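Every number here is computed from the coordinates shown, using simple stated rules; none is lab data. Here the structure is a predicted model, which means the values were calculated and not measured. Glycine gets a Cβ as well: all are built from the backbone with ideal geometry, and neighbour counts include every protein chain shown.
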Amino acid sequence: MHPTVTQSWRDFYVFTYATGMTSGISLAEQIGEKGGEAARRYVDEMLKAGASAPTLQILSNAGVNLETSAPIIDMLDLFEETLEEFDRIRTEAYGRSRS
């Protein structure tokens, strides 16, 4: 196996990235919607926490409960918005496709 891809075959390796991206997107959405309150919660409850508690608890204290569907919905909403923006830009540049 190529040395740069062996890590992707470890158990749950990709899951770590997926949960990290989902958590980050949810935090960013909260900061965008609630401003300073959510930003302070992120700094005080997550960044300052370090490794002082289990990861799920730290995330929950920061406002991201990975035991619910809310963070996944935030991520999927952003994905949908990104696809729509891509389609709009592509259509402006190249016109509507015939497929």
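Descriptive notes on the structure:
- Computed from the C-beta positions of VAL43 and LEU83 and an R0 of 35 Å, the FRET efficiency is 0.65 to the nearest 0.05.
- For the range 64-75, Karplus couplings with θ = phi - 60° (6.51, -1.76, 1.60), whole Hz, Gly/Pro x: 10, 9, 6, 8, 10, 7, 3, x, 5, 5, 4, 5
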